[in-house]
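> Encoded as C-alpha coordinates, here's the structure I'll be asking about.
The values are calculated or read from the model by the stated rules, or taken from the named source; none is laboratory data. Here the structure is a predicted model, which is why all the values come from computation and not from measurement. Quick reminder, even Gly has a Cβ in these numbers, built from the backbone with ideal geometry, and neighbours come from all protein chains shown. We work out accessible area using only protein heavy atoms, side chains counted, and drop any ligands, DNA or RNA first. Shrake-Rupley method; radii C 1.70, N 1.55, O 1.52, S 1.80 Å.
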Amino acid sequence: MYYLIYFAYESSPFTPTGLEELLVQARDKNAKYNVTGKLLYVEGTFIQLLEGDKEAVKHIFSSIEKDKRIIALKVVIEGPAKTRYFPDWSMAYEKISLADINQMEQCEHPGVKEYLKNATPFRLIKLIANNPLL
Ligand SMILES: Cc1cc2nc3c(=O)[nH]c(=O)nc-3n(C[C@H](O)[C@H](O)[C@H](O)COP(=O)(O)O)c2cc1C
(Lines give C-alpha, C1' and ligand atoms only; values in the text may rest on other atoms or scores of the structure.)
Protein backbone atom coordinates (compact mmCIF):
# COMPACT_ATOMS: atom_id res chain seq x y z
CA MET A 1 0.00 0.00 0.00
CA TYR A 2 1.22 3.47 -0.93
CA TYR A 3 -0.16 6.94 -0.32
CA LEU A 4 0.39 10.40 -1.74
CA ILE A 5 -0.94 13.77 -0.66
CA TYR A 6 -0.70 16.86 -2.83
CA PHE A 7 -2.31 20.23 -3.08
CA ALA A 8 -3.01 22.42 -6.09
CA TYR A 9 -5.02 25.49 -7.03
CA GLU A 10 -7.85 25.64 -9.55
CA SER A 11 -6.70 27.39 -12.72
CA SER A 12 -10.16 28.95 -13.01
CA PRO A 13 -13.15 28.66 -10.67
CA PHE A 14 -14.95 25.31 -10.74
CA THR A 15 -18.71 25.36 -11.22
CA PRO A 16 -20.79 22.80 -9.27
CA THR A 17 -21.26 20.91 -12.56
CA GLY A 18 -17.53 21.03 -13.22
CA LEU A 19 -16.84 19.53 -9.81
CA GLU A 20 -19.48 16.85 -10.33
CA GLU A 21 -17.93 15.89 -13.67
CA LEU A 22 -14.50 15.74 -12.11
CA LEU A 23 -15.72 13.41 -9.36
CA VAL A 24 -17.53 11.09 -11.76
CA GLN A 25 -14.41 10.87 -13.92
CA ALA A 26 -12.11 10.37 -10.93
CA ARG A 27 -14.29 7.76 -9.22
CA ASP A 28 -14.70 5.77 -12.38
CA LYS A 29 -10.98 5.55 -13.05
CA ASN A 30 -10.00 5.07 -9.40
CA ALA A 31 -12.39 2.13 -9.13
CA LYS A 32 -10.62 0.49 -12.07
CA TYR A 33 -7.23 0.96 -10.44
CA ASN A 34 -8.44 0.19 -6.91
CA VAL A 35 -7.32 3.63 -5.76
CA THR A 36 -9.20 5.23 -2.88
CA GLY A 37 -8.74 8.45 -0.98
CA LYS A 38 -10.22 11.76 -0.22
CA LEU A 39 -10.50 15.03 -2.08
CA LEU A 40 -10.89 18.24 -0.13
CA TYR A 41 -11.85 21.48 -1.82
CA VAL A 42 -11.11 24.59 0.20
CA GLU A 43 -11.68 28.01 -1.33
CA GLY A 44 -10.22 27.08 -4.71
CA THR A 45 -7.49 24.81 -3.35
CA PHE A 46 -7.64 21.06 -3.72
CA ILE A 47 -5.96 18.75 -1.22
CA GLN A 48 -6.07 15.12 -2.17
CA LEU A 49 -5.01 11.88 -0.59
CA LEU A 50 -4.54 8.99 -3.01
CA GLU A 51 -3.99 5.46 -1.69
CA GLY A 52 -3.53 2.07 -3.34
CA ASP A 53 -0.81 0.02 -4.99
CA LYS A 54 2.22 2.17 -5.68
CA GLU A 55 2.02 1.78 -9.46
CA ALA A 56 -1.70 2.58 -9.44
CA VAL A 57 -1.27 5.69 -7.28
CA LYS A 58 1.61 6.91 -9.45
CA HIS A 59 -0.41 6.27 -12.60
CA ILE A 60 -3.45 8.24 -11.38
CA PHE A 61 -1.22 10.99 -10.07
CA SER A 62 0.60 11.34 -13.39
CA SER A 63 -2.76 12.13 -15.04
CA ILE A 64 -3.65 14.66 -12.35
CA GLU A 65 -0.26 16.35 -12.72
CA LYS A 66 -1.00 17.04 -16.38
CA ASP A 67 -4.52 18.32 -15.73
CA LYS A 68 -4.93 21.91 -16.96
CA ARG A 69 -7.79 22.53 -14.54
CA ILE A 70 -5.24 22.92 -11.74
CA ILE A 71 -1.97 24.82 -11.34
CA ALA A 72 0.96 25.02 -8.93
CA LEU A 73 0.63 21.42 -7.83
CA LYS A 74 2.87 20.41 -4.97
CA VAL A 75 3.29 17.00 -3.36
CA VAL A 76 3.10 17.30 0.42
CA ILE A 77 4.10 13.78 1.36
CA GLU A 78 4.15 10.27 -0.11
CA GLY A 79 5.32 6.86 0.97
CA PRO A 80 4.37 3.35 2.01
CA ALA A 81 1.26 2.93 4.16
CA LYS A 82 0.09 0.02 6.30
CA THR A 83 -3.57 0.50 5.62
CA ARG A 84 -6.18 2.41 3.67
CA TYR A 85 -7.95 5.22 5.45
CA PHE A 86 -10.82 5.38 2.99
CA PRO A 87 -11.38 1.78 1.91
CA ASP A 88 -15.07 2.19 1.09
CA TRP A 89 -14.85 5.16 -1.21
CA SER A 90 -13.37 5.39 -4.66
CA MET A 91 -12.87 9.08 -3.86
CA ALA A 92 -14.63 10.73 -0.94
CA TYR A 93 -15.23 14.43 -1.47
CA GLU A 94 -15.73 17.27 0.94
CA LYS A 95 -15.97 21.01 0.49
CA ILE A 96 -14.58 22.97 3.40
CA SER A 97 -14.97 26.71 3.85
CA LEU A 98 -12.43 29.13 5.18
CA ALA A 99 -14.83 29.68 8.09
CA ASP A 100 -14.45 25.97 9.04
CA ILE A 101 -10.67 26.30 9.05
CA ASN A 102 -10.73 29.52 11.06
CA GLN A 103 -13.05 27.87 13.53
CA MET A 104 -10.67 24.92 13.86
CA GLU A 105 -7.73 27.25 14.46
CA GLN A 106 -9.60 29.17 17.11
CA CYS A 107 -10.76 26.09 18.94
CA GLU A 108 -9.70 26.36 22.57
CA HIS A 109 -9.64 22.62 23.13
CA PRO A 110 -6.05 21.88 24.26
CA GLY A 111 -5.99 18.64 22.32
CA VAL A 112 -6.89 20.40 19.08
CA LYS A 113 -4.33 23.15 19.65
CA GLU A 114 -1.60 20.62 20.32
CA TYR A 115 -2.69 18.57 17.34
CA LEU A 116 -2.51 21.53 14.96
CA LYS A 117 0.83 22.65 16.35
CA ASN A 118 2.44 19.24 15.83
CA ALA A 119 0.48 18.10 12.82
CA THR A 120 2.42 16.48 10.05
CA PRO A 121 0.55 16.91 6.76
CA PHE A 122 -0.80 13.39 6.98
CA ARG A 123 -2.16 13.82 10.47
CA LEU A 124 -3.53 17.20 9.49
CA ILE A 125 -5.39 15.85 6.52
CA LYS A 126 -6.86 13.10 8.67
CA LEU A 127 -7.95 15.70 11.16
CA ILE A 128 -9.49 17.91 8.50
CA ALA A 129 -11.14 15.08 6.67
CA ASN A 130 -12.50 13.04 9.53
CA ASN A 131 -13.15 15.00 12.64
CA PRO A 132 -12.48 18.72 13.03
CA LEU A 133 -12.72 18.51 16.80
CA LEU A 134 -10.83 15.30 17.44
C1 LIG B 1 -8.33 18.26 -8.29
C2 LIG B 1 -8.38 17.07 -9.20
C3 LIG B 1 -8.44 15.80 -8.67
C4 LIG B 1 -8.49 14.68 -9.49
N5 LIG B 1 -8.54 13.45 -8.92
C6 LIG B 1 -8.56 12.36 -9.73
C7 LIG B 1 -8.57 11.06 -9.18
O8 LIG B 1 -8.58 10.85 -7.96
N9 LIG B 1 -8.58 10.02 -10.04
C10 LIG B 1 -8.57 10.18 -11.38
O11 LIG B 1 -8.58 9.19 -12.10
N12 LIG B 1 -8.58 11.40 -11.93
C13 LIG B 1 -8.57 12.50 -11.13
N14 LIG B 1 -8.58 13.73 -11.70
C15 LIG B 1 -8.71 13.84 -13.16
C16 LIG B 1 -7.38 13.61 -13.84
O17 LIG B 1 -6.63 14.80 -13.77
C18 LIG B 1 -7.60 13.22 -15.31
O19 LIG B 1 -8.34 14.19 -15.96
C20 LIG B 1 -8.31 11.90 -15.43
O21 LIG B 1 -7.67 10.93 -14.63
C22 LIG B 1 -8.33 11.38 -16.87
O23 LIG B 1 -7.02 11.28 -17.31
P24 LIG B 1 -6.64 10.54 -18.68
O25 LIG B 1 -7.34 11.31 -19.76
O26 LIG B 1 -5.15 10.61 -18.74
O27 LIG B 1 -7.16 9.12 -18.53
C28 LIG B 1 -8.51 14.85 -10.89
C29 LIG B 1 -8.43 16.14 -11.43
C30 LIG B 1 -8.37 17.25 -10.59
C31 LIG B 1 -8.33 18.61 -11.21
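> I'd like to check one number: the per residue accessible area of the chain, probe 1.4 Å, reported in Å² as a whole number. Mind dumping the intermediate values first?
Details: 7940 Å² over 134 residues.
About 59 Å² of surface per residue is accessible.
> A further question follows. Would you work out what percent of the accessible area of the chain, with all protein chains in place, is carbon or sulfur (probe 1.4 Å)? It would help to have the intermediate numbers written out before the result.
Values: 4420 of 7940 Å².
The value for the chain is 56 percent carbon and sulfur by accessible area.
> If you add up the charges near Leu23, with Lys and Arg at +1 and Asp and Glu at -1, over every other residue whose beta carbon is less than 13 angstrom from its beta carbon, what do you get? Don't skip to the answer; put the middle values down first.
Details: positive: Arg27, Lys29, Lys38, Arg69, Lys95; negative: Glu20, Glu21, Asp28, Glu94.
So the environment of Leu23 carries a net charge of +1.
> Taking the alpha-carbon distance from Lys58 and a cut-off under 16 Å, which aspartates and glutamates remain once sequence neighbours fewer than 8 residues away in the same chain are dropped?
Output for Lys58: Asp67, Glu78.
> OK, next. Report the normalised scattering of the chain as log10 I(q)/I(0) at q = 0.19 Å⁻¹, calculated by the Debye formula with identical scatterers on the alpha carbons.
-1.15
> Could you tell me which residue out of Ser11, Ala81, Phe61 lies farthest along the dipole of the chain toward its positive end? Charges go on the beta carbon: Lys and Arg +1, Asp and Glu -1, centred on the Cα centre.
The listed residue farthest towards the positive side: Ala81.
> Another one. So what is the calculated 222 nm ellipticity per residue for the chain, using -39500 (n - 2.57) for each DSSP H run with n of 4 or more, over all residues, to the nearest 500 deg cm²/dmol? Don't skip to the answer; put the middle values down first.
Numbers: 5 runs with 58 residues, N = 134.
Rounded to the nearest 500, the figure is -13500 deg cm²/dmol.
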